[in-house]
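Participant: Once you've had a glance at the structure underneath, I'll fire off some questions.
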Amino acid sequence: MGWLGVVGWMVGDTAMRFWVGAGVLYGGAYALPMAAWYDWSAARGWRLFNDGLEWKQMDKLGHAWTTYHLAYLLRDWGLECGYEAGRARVRGALLAWAYQATIEVADGFFPKWGASFWDLAANTAGIGLFWLSEALSNTPWQVGMRFSFHPTPYARQRPDLLGAGAAQLLKDYNGQTYWLCVFHRRLPVGLAIGHAAEGLLGGYGHQDPAQIQAREHRKWVLSLDPNWTFFFRRPWWTLRIFVAIKTPLPALVYDRSQVRLVWLYF
């Protein structure tokens with residue numbers, strides 16, 4: 001039978017499959033990258049860092065988006081393994097929050113970063129949106145969170161900070177937009193409200209705050225997005241990819257007290 005078979009017999013096939021899959025996901029997406037990313041020889045005493053007013057909160061929206069979709073990914077995996085909906089939901093939410101929290105614990109040991117209470121709060125907000133979405137599952141309404149990206153010239157000014165090439169997708173907050181989408185189950189499209197920002201070049205703690213404030217500005221975006229669950233539901237992993245990304249469509253952008261139409265907003 002082997003030790004895996006013994007463990008499977010002890011905890012049941014459903015739990016065995018779920019925890020093995022969850023462990024593989026954590027190892028590949030979190031543990032191995034963290035081992036490569038951090039220079040553990042530079043680790044010091046653990047500390048908190050207040051970064052709540054930086055980057056126009058774009059990084060916090062990224063935390064919420066990641067935790068929200070990770071919770072759904074783990075919930076879907078739980079359903080695939082045979083858990084009933086309630087158990088799959090709870091496991092997905094708790095594990096997603098715990099996965100993200102390990103990053104903050106690690107960050108806290110490095111003077112360059114520090115653990116961010118605001119990151120933890122954003123992770124919690126992502127779980128809250130996941131729970132709201134689940135609470136609406138028996139109603140005609142659905143909510144979701146989407147992500148979109150377009151390259152910007154800001155990355156060329158600070159490639160060390162905002163990335164180069166594909167790394168800009170994660171590092172250049174100027175090109176990111178995070179969307180809150182509302183759908184009706186009987187309609188093929190829903191309403192999408194996006195939050196974006198420009199002029200984000202860092203300098204926090206080094207430059208004059210007034211100069212940073214004058215350079216940075218928010219943008220609000222109004223658009224539509226396909227309701228993919230209206231068209232198909234399986235396989236779940238394919239649907240999960242579609243519902244994480246905002247489809248490029250025309251949009252109204254409110255930027256510095258002006259409204260403009262963008263024919264294809266990425």
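Participant: Would you pick out the residues in region 91-103 that are without any contact (Cβ under 8 Å) to a residue 40 or more places away in the chain and either within 15 Å of SER137 (Cα to Cα) or of a type in the set (Phe, Trp, Tyr) (or both)?
Facilitator: Correct list: TRP97 only.
Participant: Quick one: how many residues across region 20-55 are within 17 Å of ARG91 (Cβ to Cβ) and under 22 Å from the mean Cα position of the chain (by Cα)?
Facilitator: Within region 20-55, residues that are within 17 Å of ARG91 (Cβ to Cβ) and under 22 Å from the mean Cα position of the chain (by Cα) number 8.
Participant: Same structure, new question: Among what's in region 122-164 and is at pLDDT below 95 and touching a Leu at 6+ places or on another chain (Cβ under 6 Å), pick the residue that is farthest from SER223 (Cα to Cα).
Facilitator: ARG158
Participant: Would you please name the residue that is surrounded by the most Cβ atoms within 10 Å (Cβ to Cβ), looking only at residues in region 13-69 that are among the charged types (D, E, K, R) and within 27 Å of GLY128 (Cβ to Cβ)?
Facilitator: LYS60
Participant: Take GLY92 and tell me if it is among the small types (Gly, Ala, Ser), crowded, with 19+ Cβ neighbours inside 10 Å, under 18 Å from the mean Cα position of the chain (by Cα) and assigned to a helix (DSSP H, G or I).
Facilitator: yes
Participant: Are there any pairs, at least 6 apart or on different chains, whose C-beta atoms fall under 8 Å, with the first in region 39-53 and basic (Lys, Arg) and the second modelled with pLDDT under 90 and exposed (fewer than 13 other Cβ atoms within 10 Å of the Cβ), and if so, which?
Facilitator: ARG44/PRO111; ARG47/PRO111
Participant: Moving on to the next point. Looking for whichever is outside any strand (DSSP E or B), outside the structural domain of TRP113 (by TED's automatic domain parsing), touching a residue at least 60 places away in the same chain (Cβ under 8 Å) and under 27 Å from ASP51 (Cα atoms) here; the options are TYR178, TYR204. Which one fits?
Facilitator: Answer to the check: TYR204.
Participant: Got a number for residues in region 79-112 being among the charged types (D, E, K, R) and closer than 17 Å to LEU129 by Cβ?
Facilitator: Number of matching residues: 1.
Participant: List every residue pair whose Cβ atoms lie under 6 Å apart, where the two residues are 6 or more positions apart in sequence or sit on different chains, the first residue falls within region 248-266 and is at positive phi, and the second residue, located anywhere, is in a strand (DSSP E or B) and surrounded by 10 or more Cβ atoms within 10 Å (Cβ to Cβ).
Facilitator: ARG256/HIS217
The values are calculated or read from the model by the stated rules, or taken from the named source; none is laboratory data. Remember, predicted model here, so these are calculated numbers, not experimental data. Virtual Cβ from ideal backbone geometry, glycine too; neighbours counted across all protein chains shown.
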